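This report refers to the structure that appears directly beneath it.
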Amino acid sequence: MPDRIDRAVLKLSAVVVTGTIAAMLDMTMVTVALARLTRDFSADIGTTQWVNTAYLLAIVMVIPLTGRLAERHGVRTMWLFALTVFTLGSVLCGTAWSVGSLVAFRVAQGIGGGMIVPLSIMILVEAAGAGRRGRVMAIAAVPAQLAPIVGPLLGGLIVQTLGWRWIFFVNVPVGLVAVLLARRGVPDSGRREPRPIDLRGLALLSPAVALLVFGLSRPAWLPLAAGAVLLGLFIGYALRTPDAPVVDVRLFAHRALAAATALNFLSRLSIFGALLLVPLYLQQVRGLDALHAGLLVAPQSLGTMLALPLVGRLTDRVGARPVVLSGIAVTVLGALAFTQVDAGTWLLAAALFGWGVGVAAVAVPVAAAAYQGLPPAAIPAATSAITMVQTIGAAVGAAVLTAILGNRTAVHPGAAAFADTFWWVLLFTALALVPALLLPLRPPVEAAAPVPSRTR
């Protein structure tokens, strides 16, 4: 029946989530270890910050290749490859002897981690079917939505008890289990007609993204200008080339995909920016340690956990647009509470709970609506584009809001600087209303299966 997910899809979802969760947690656990890394390696925070930046940039660079490699070698083969590379990279990171070696090993780890998320979406989208896509995307969204909350808490606990190296070593048993489960549980979807890898487009796009992220992290105008020029050259090239470019910008002529991609960028910008600001505010203004700050962020995790299965069913029944608009409204209210930085702890906890509900109500419908009306052959390319934009949005959010906080701190240090910065979070969140109005208003209708004829 179209309104229920069969057991095979649920089993596949569990296998995929097992492989995704370590990579998603790793993106957030490392942030709480930066202070310890600075002391252990006798380096400044500007240098150790590249431990995060290198990983993120590696993810951005590899995302455009993932769809092409999946077409050429099959999704299952690339899934096993990505899990193996991520696990080996985690081992290397745990044995690093300097900041430079750790940054290099994080690049290797990011190559595997960057492939895991788009591959997981490809696997589940193909298995779910249009009528069940919302509920399956709700399952797939669990690691992505919980990692920013669980990651800092778990990372703080590991750093305080076992040391920073175990932030990476803890990925190893999870990665090995994920590989074993995938060998039996992930079907081989076969190979599509291979398209050549667009080396020219990659040579334009990769440095463009790297320069833009680097320029925003400073901020520095020269890298920003160079990145913008290269990005413009790539867009012009991608529109003119007769072959499929490394990121097919022509797909954005599809209204649902364009709206979902813009929403993903803005939502990740505000979500990851806020998740950077909230722990900093709790530690620097309210004087909490990293572990207790992580505990106070837990209400957001609870809100997301409770909302994920509900918004999946609701999306399949009423469509993406009304659910997303409601989610953005709830998230705006949560951001508004944090502009009042002298508010009581219970109010901030309630705001984080509402923020978590809003995040789930945006993420799941957007993930489902993005593919509505797309032909199956376009799913790998669309998935690569969406995931890349999500990752860039997270990087831009962290860079922009950190720069704003630094600027406001120079003018109004302390709580006032955080209040000013949270107004920007609210603005970026509210801007998501614009692309949300372009999402499909009604859920997709799954075509009835043809009745097989009986022959004697």
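The values are calculated or read from the model by the stated rules, or taken from the named source; none is laboratory data. These numbers come from a predicted model, not from an experiment. Glycine gets a Cβ as well: all are built from the backbone with ideal geometry, and neighbour counts include every protein chain shown.
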(request) Tell me which residues, restricted to the range 212-249, are closer than 14 Å to VAL396 by Cα and under 20 Å from the mean Cα position of the chain (by Cα). (result) LEU212, VAL213, PHE214, LEU216, SER217
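For ARG286, indicate whether it is without any contact (Cβ under 8 Å) to a residue 60 or more places away in the chain and among the charged types (D, E, K, R).
Taking the combined requirement at face value, the residue satisfies it.
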(request) Give the residue that is nearest to VAL366 (Cα to Cα), with candidates limited to residues of the range 227-284 that are among the aromatic types (Phe, Trp, Tyr) and at pLDDT below 85. (result) PHE252
(message) Consider the range 317-368. How many of its residues are under 16 Å from LEU282 (Cβ atoms) and among the β-branched types (Val, Ile, Thr)?
(response) 3
(message) Taking the conditions exactly as written (assigned to a helix (DSSP H, G or I) and crowded, with 18+ Cβ neighbours inside 10 Å), does THR409 satisfy them or not?
(response) no
(message) From the list ALA307, ALA363, ALA370, exactly one residue is surrounded by 17 or more Cβ atoms within 10 Å (Cβ to Cβ) and either without any contact (Cβ under 8 Å) to a residue 60 or more places away in the chain or over 27 Å from ALA259 (Cβ atoms) (or both). Which is it?
(response) ALA307
(message) Step by step: first the residues of the range 315-346, then only those that are of a type in the set (S, T, N, Q) and assigned to a helix (DSSP H, G or I), then the one that is nearest to THR421 (Cα to Cα). Which residue is that?
(response) THR331
(message) Looking only at the range 114-146, how many residues end up being within 21 Å of THR304 (Cβ to Cβ) and modelled with pLDDT of 75 or more?
(response) 4
